[in-house]
1. Greater than 29 Å separation of Cα atoms is the criterion. Which listed pairs, LYS154/LYS327; LYS119/LYS316; LYS32/LYS184, meet it?
2. How large a share of the accessible area of region 262-327, in percent, is made up of carbon and sulfur atoms when the probe is 1.4 Å and the other protein chains stay in place?
3. For the chain, what does the relative contact order come out to in percent, with C-alpha contacts under 8 Å and a separation of six or more?
4. For LYS138, list long-range residues whose amide hydrogen, built 1.01 Å from N in the peptide plane, is under 5 Å from its own amide hydrogen.
5. When a/c is below 1.5 the answer is rounded, else prolate if a/b is larger than b/c, else oblate, so apply that to region 119-196 with a ≥ b ≥ c taken from the square roots of the Cα gyration tensor eigenvalues.
6. Where does the Debye-calculated log10 I(q)/I(0) of region 106-264 sit at q = 0.16, 0.19 Å⁻¹, using only Cα point scatterers of equal weight, no solvent?
7. Output the pairs from LYS145/LYS298; LYS145/LYS197; LYS197/LYS264; LYS197/LYS273 with a Cα-Cα distance over 20 Å in this structure; if there are none, say none.
8. Go through TYR281, TYR270, ASN211 and say which Cα lies farthest out towards the positive end of the charge dipole of the chain; charges sit on Cβ, +1 for Lys and Arg, -1 for Asp and Glu.
Amino acid sequence: MENSDQYKILVTGGAGFIGSNLCEYFLGLDHKVICLDNFSTGHRHNLKNFIENPNFKLIEGDIRNIADCALAVEGVDYVLHQAALGSVPRSINDPITSNEVNVSGFLNMLVASRDAKIKRFVYAASSSTYGDSEGLPKVEEVIGKPLSPYAITKYVNELYAEIFSRTYGLETIGLRYFNVFGRKQDPNGAYAAVIPKFVMQFMNYESPVINGDGNYSRDFTYIDNVIQMNKLAITNQNPDSINTVYNTAFGDRNTLNDLVGYLKKYLTEYDPKIADVEVIYGASRAGDIPHSLASINKAKKMLGYNPKYSLQEGLKEAVKWYWDNLK
C-alpha cells in the first residue's frame, strides 16, 4: 500500500476516539475512508474535521446487524475494526451487551469481510487478554485467565480471527492495545478513561480519585503510536507477519502516581492553581490487572514498529489538545 495508490479503508467505530484518529490519518494520505458507527460511544464532533471530505463516507449502522456490515465492506480493500464496547467495569455491569457487540458484532464483521474478499482484516485486540498472567513484560504467546467479561470478549476475537485465517484464508492481524490515550478521547461518562477524566477534573479544580494506592502500573500508549501500528498492519507484505497478534504499546510502564504527577506538572503550565489540587485515593477496582508492560519486540521485528511517543511526550500533546478544545 503505497501512498500513491488510493485504497478504500473501512474503519468500524470510526466516530470513536481511536477510530476517528485513524479516519483522519488515512484521509490525509488521500485514501478513501468509510466509517461505520452507531454512535453509542462515538461522537459526531470527532468527525467534524473531515465530514465534508469527498473521500469520506459515513454509514450509520450497527455491527450487530449483519446487513449493515455487508453494506459497509462493499468494495473495501482493508478493514480496521475498532468498534467495540470498551471498559472492564461496563462489562461487569452488563456482560450481555458487551458480548453482543464485542463477540457477535466481531463475528458479523469477519463474515462480511470474508464474503467481500477484502485484502486484510486488522482489529483492535486488548492487553486485558493477558488476564492473571503475572510475568512482565507481556509477550504475545503467554497469556493467563481473563479477569473480566470484557477480557473474555477480546480473547474470543483473537480465537475467531485465527479460525477465519485458517479456515477461509482471510488475512487477519490483531493489535493488543495497551492503555491508549490522546486527542479526542472522551473525558465524560461513567466509563471515561483515566487520563482524559483526570485532565478534566484538574482543569475544574476537582480532586481525581485513584483506585488503590496509585502503585498499579500501565504501559500508557499515545494515539500516534497506535496509528503507526495500524498503518504497518495494513502495509506489511511479509507473509510471516500476518494471521497473528501484536502488542501495541510503547514498551515502558508508569504508575498511576507517576501519571498524576506528570498531568499536574503539564497542566500547571497552563493554570498555576492546578498545582494545589489534591489527589484522593479510593478502593481498588474489580477486574483490574495490577501491572501491565508490553514487550514490543515482535512488532519491531515483524512489522518494523518504532513508537515515537513516550508517556510524557504523549501527555504534553494530549494536555495541549484538551486545553485548546475543552477549556
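The values are calculated or read from the model by the stated rules, or taken from the named source; none is laboratory data. Note that the structure is predicted; figures quoted are calculated from it, not measured. Cβ placement follows ideal geometry from the backbone for every residue including glycine, while neighbour counts extend to all protein chains displayed. For accessibility, only protein heavy atoms count, side chains too; no ligands or nucleic acids. Shrake-Rupley method; radii C 1.70, N 1.55, O 1.52, S 1.80 Å.
1. LYS154/LYS327; LYS119/LYS316
2. Ligands and nucleic acids excluded, carbon and sulfur give 48 percent.
3. Value for the chain: 17 percent.
4. Excluding prolines and chain starts, which carry no amide H, the hits are LEU293, ALA294, SER295.
5. oblate
6. Relative scattering, expressed as log10 I(q)/I(0), comes to -0.99, -1.26.
7. Checking Cα-Cα distances, LYS145/LYS298; LYS145/LYS197 exceed 20 Å.
8. After comparing all options, I get TYR270.
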